[in-house]
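Structure first, commentary second.
Every number here is computed from the coordinates shown, using simple stated rules; none is lab data. Keep in mind it's a predicted model, so treat the numbers as computed, not measured. Cβ atoms come from the backbone with ideal geometry, glycine included; neighbour counts cover every protein chain shown.
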Amino acid sequence: MLIWVFLVLGLYFVQIYVSATFITLKEGLLRHFGPRDIMPERGVIGARAERALLNMKENLPFFFVPALLSLYVEGADFQLAILGAQLFFFGRSAFLILYIAGVPWLRSVAYAVALCGNILMVLALWESI
C-alpha cells in the first residue's frame with residue numbers, strides 16, 4: 001500500500017510542476033525569482049492544469065485517510081484497499097491527461113474510476129467493523 005501512497009504523492013507533485021511550467025513557459029524563468037505579486041494569465045491549457053491541480057487537492061484527503069487507515073486497522077481487507085489505491089492512482093493519472101487535453105466525457109469516466117477506488121478502500125475498512 002505504501003508504494004501506492006507514494007505514487008499518488010508523486011502524481012500530486014507532478015501536477016504542481018505541470019501547472020507551474022505553463023507560467024514559466026509564458027513569462028520566462030527569471031520572472032520566478034521575484035515575489036510574484038502579479039501572476040500572469042495562464043492561457044487555456046495552463047488554466048486547465050491549475051483546475052486539475054485544485055481538483056486533486058480536493059480529492060487527496062479522501063484518498064489518504066482510508067489508504068493509511070488500511071495499514072493500521074486490523075481486519076481490513078488489504079487486497080481490496082490496494083485495488084482501490086491502484087484505481088485511484090490510474091484514474092487520477094488519466095484524469096490529469098484528459099483534463100489538460102480538454103476531453104470532457106472520458107475525463108469524467110477517469111474521475112469516476114478514481115472515486116470507485118476511494119469507495120473500495122472505504123469498503124475494505126468497513127469489513128473490519
(request) Mind grabbing the base-10 log of I(q)/I(0) for region 2-126 at q = 0.16, 0.19, 0.20, 0.23 Å⁻¹? Debye formula, identical points on the C-alpha positions, no solvent, two decimal places. (result) -0.77, -0.95, -1.01, -1.22
(request) For helix 2-27, report the angle its Cα long axis makes with the longest principal axis of the Cα atoms of the chain; keep it between 0 and 90° and round to the nearest 10°. (result) 10
(request) Compute the long axis of helix 78-101 from its Cα atoms, compare it with the longest principal axis of the Cα atoms of the chain, and write down the angle in degrees, 0 to 90, nearest 10. (result) 20
(request) Starting with the fewest neighbours, write out GLU50, GLU58 ranked by other beta-carbon atoms found within 10 Å of each beta-carbon. (result) GLU58, GLU50
(request) Quick one: go through region 1-18 and flag any residue whose amide nitrogen is under 19 Å from the point 7 Å out along the Cα-to-Cβ line of CYS116. (result) none
